[in-house]
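Quick notes on the structure that follows.
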Amino acid sequence: MAEDIDTAQAADASLLDRYPMRDEHGGIRHEFVAEIARAVQSADAAFLRAIVAELHEADLGDLIEALEPEDRVSLVELTGADFDFSALNEVDDSVREEILEELEPETVAEGVRELESDDAVELLEALDEEDQEEILEKLPPSERDALERSLDYPENSAGRRMQTEFIAVPPNWTVGQAIDYMRDTPDLPERFYEIYAIDAAQHWQGAVSLDALLRARRPVPLADLIDENRRRVSVMDDQEEVARLFGKYNLVAAPVVDTEDRLVGVITIDDVVDVIEEEADEDLKALGGVTSDEELSDSVWTIAKGRFNWLLVNLATAFLASSVLGLFEGQLEKMVALAVLAPIVASQGGNAATQTMTVAVRALATRELGANNAYRVVMREGLVGLVNGLAFAVITGIAAVAWFQIPGLGVVIGLAIICNLVAGALGGILIPMVLERVRADPAVASGTFVTTITDVVGFFSFLGIATLWFGLK
């Protein structure tokens, strides 16, 4: 048995020396993935265990995604207890679901038992209730009850994100008692930044940071070190609000209390970083009309179905903008240059609006834009649109005259550019603000409305001014 382990470790070292996992750009080397795939297909369990034991959970997650679907489950089964199930939280949702559905409930339950509670909840929440229940039944009652309580909290709430492992002590202890308790207790959280004081009924009393604890002498009462005003969050708080609290007050951990102010968990900075990434990813996808749950690993049909509705809405708004061109059909027939230049006016307005809208949506999400500074920001964006409009009016006007040799055309397109860039700037900030006021998601709906406005204003202003300037009917 010892010889087998030594052989596996030698093979591990040899493989990593010959084929480093990542290249100079941080990507996974094809040779490394191919070697792992060959080991999976030949069922070389000892070799795979030796490698998996050396990989960080994030690297293991990247490796799983790089493997072919049929090899992923085999890797988990062959590595057994050495496989870190927290790696499954590092992969796309669809990949994780495929793996968990193929594994036996007993295997998943054993993996879940090794995870911290927040990682276990994240792993289980993607499954349907029937699969969740099947796995939870395989866990000891105390662990099952803790996970079920967390899963009962609303999705995206602090209760879902918190870990239920924390250190809580009576406030009448001394520093020495608290330190001895932490030294003698085997099942402490893997990482912690502070300890908490609670009464006999679990009610929150305050927090003591580790640096304050270690600087104090053993006989000092904990009551002298307790920060009773330590910022804490409720189990029902939205995870985005929690992330904002961490950013605003430079927190690395925050206690979580229930509706009766009893300490039930803690949220740490690593969880908040995940929340920030998820929220930013969701907003970015929403701006492009992509559903928040779309992943690179999804099938063609799933992606196409998710994008269809948004494209259909955009098609309807495109017909609306094109109908403006129909109002000037006669003018377009008399001066072909108008048909050539009209899309330029609309496009410039759309680009300017997208810039403003991106800044506005992000400012609304981070609460930087509100009633107290709305007027000043709207006026500023309007002036930005005017300044850029004047600059591009000159550039576009000169280009139009040089192209078509019609002097008046430069004035017409210049005035239209000014109108549309101002309209785009105002629309890009006012529409997200209105949507936020009526409790609609600005990131999802703003793009279509803003683009429609700039197209309509662009076409109408350009063709309308041209009709008046050149006397077209």
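The values are calculated or read from the model by the stated rules, or taken from the named source; none is laboratory data. Just so you know, these numbers come straight off a predicted model, no measurement behind them. Please note: Cβ atoms are built from the backbone with ideal geometry, for glycine as well, and neighbour counts cover all protein chains shown. Just so you know, the surface numbers come from the protein's heavy atoms only, side chains and all, with ligands and any DNA or RNA stripped out. Shrake-Rupley method; radii C 1.70, N 1.55, O 1.52, S 1.80 Å.
Short to long, the 10 Å bins of the Cα pair-distance histogram for the stretch 201-274 hold 18, 45, 30, 7, 0 percent of all pairs. Summarise the accessible area of the stretch 376-465 (1.4 Å probe, protein heavy atoms) by the percent that is carbon and sulfur. C and S fraction of accessible area: 77 percent. For the pair residue 252 and residue 199 in one chain, pulling the backbone fully straight at 0.36 nm per residue adds 16.7 nm over the alpha carbon distance. In the stretch 216-338, one over the average inverse separation of all distinct C-alpha pairs is 19.9 Å, which is the Kirkwood hydrodynamic radius. Computed with the Debye formula from one identical point scatterer per Cα of the stretch 216-258, without solvent, the log10 of I(q)/I(0) at q = 0.17 Å⁻¹ comes to -0.58. Helical runs assigned H by DSSP (4 residues or longer) give the chain a calculated mean residue ellipticity at 222 nm of -21500 deg cm²/dmol, each run adding -39500 (n - 2.57) before division by the residue total. Once the C-beta distance of residue 114 and residue 329 is scaled by a Förster radius of 51 Å, the resulting FRET efficiency is 0.15 to the nearest 0.05.
A crude spin-label estimate for the pair residue 394 and residue 145, with each label 7 Å from Cα along the Cβ direction, gives 7.6 nm. Using Cα centres only, tell me the gap between the stretch 191-211 and the stretch 276-350 in whole Å. Answer, in whole Å: 52. Compactness ratio for the stretch 50-185: Cα radius of gyration over 2.2 N^0.38 Å (N = residue count) comes to 1.20. Our summary of shape: the Cα atoms of the stretch 53-106 have principal axis extents of 25, 22, 17 Å, ordered from largest down, in whole angstrom. Taking only the Cα atoms of the stretch 151-202, the radius of gyration and Dmax are 13.6, 40 Å.
For the chain, dividing the convex hull volume of the Cα atoms by the residue count gives 218 Å³ per residue. Comparing the stretch 391-444 with the 2.2 N^0.38 Å rule of thumb, its C-alpha radius of gyration ratio is 1.65 (two decimals). Surface analysis of the chain yields an accessible area of 53 Å² per residue, using protein heavy atoms and a 1.4 Å probe. Residue ranges 312-319, 20-27, 218-225, 85-92 sort as 85-92, 218-225, 312-319, 20-27 when ordered by packing (mean number of other C-beta atoms within 10 Å per residue, highest first). Three principal axis extents of the stretch 323-414 based on alpha-carbon atoms, in descending order, are 50, 28, 17 Å.
Once all protein chains are placed together, residue 49 keeps about 100 Å² accessible to a 1.4 angstrom probe.
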